[in-house]
Amino acid sequence: MGTPTTEVDLEQVKAAKKWLETARDQVTTAIQQLSLAPGLIGNAPMNANDNNSAKPGQAAVPLTNTSMGTDLPAGLLTEVGHTHFGFFPSGLDVAHKHATAYNTTLTNLHEVLKGLNDTLSATDYIIANYAKVEADTLANFQQLLVKPPYDASENGPPIQHEEHHHVRYE
């Protein structure tokens, strides 16, 4: 019976780290590009034929519930005002749907980014500590070869004898 060994290819772990960094960079780029969208969704300059004063039912529509206990990413739309669809109820409805999709996408991308960062931290920990653990294990093994925990003149480790009790059945 052999001793269990670990078979970790540290180069593969390092390659996984590079892949995770690339994924993190792509998600970060997507968040940056997405941050350009709010002006198109609900804060557009008023069209020439729009009335500058809001009519009943045409006020800015609130979006984000900031009382939630979760960490909200920066850049969420909190309300929808003038839109490229016009400042009328149906235009605000369309802008509200777009803004809700925007907020959901931005929140999900931030969650993915957080997960990637957590995974990268764990991968860095594995890379940093695996080599140390392997070196410590090798040093301990070499020390056992040089100075075993028993006297070599005894021809090996001490043998423990077990008492055998014989049970007689009648």
> So between Ala135 and Thr107, what do we pick up on full extension, going 0.36 nm a residue minus the alpha carbon distance?
Replying inline: 5.8 nm
>> Within 15 Å, Cβ to Cβ, of Glu111, how many net charges do the neighbouring residues add up to if Lys/Arg are +1 and Asp/Glu are -1?
In response: 0
> What length, rounded to one decimal in nm, is gained on full extension from Ala16 through to Ser90, with 0.36 nm per residue of separation minus their alpha-carbon distance?
Replying inline: 21.8 nm
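Every number here is computed from the coordinates shown, using simple stated rules; none is lab data. Nothing here was measured: the structure is a model prediction, and the numbers come from that model. Because the Cβ atoms are built from the backbone with ideal geometry, glycine has one as well, and the counts that use them run over all protein chains shown.
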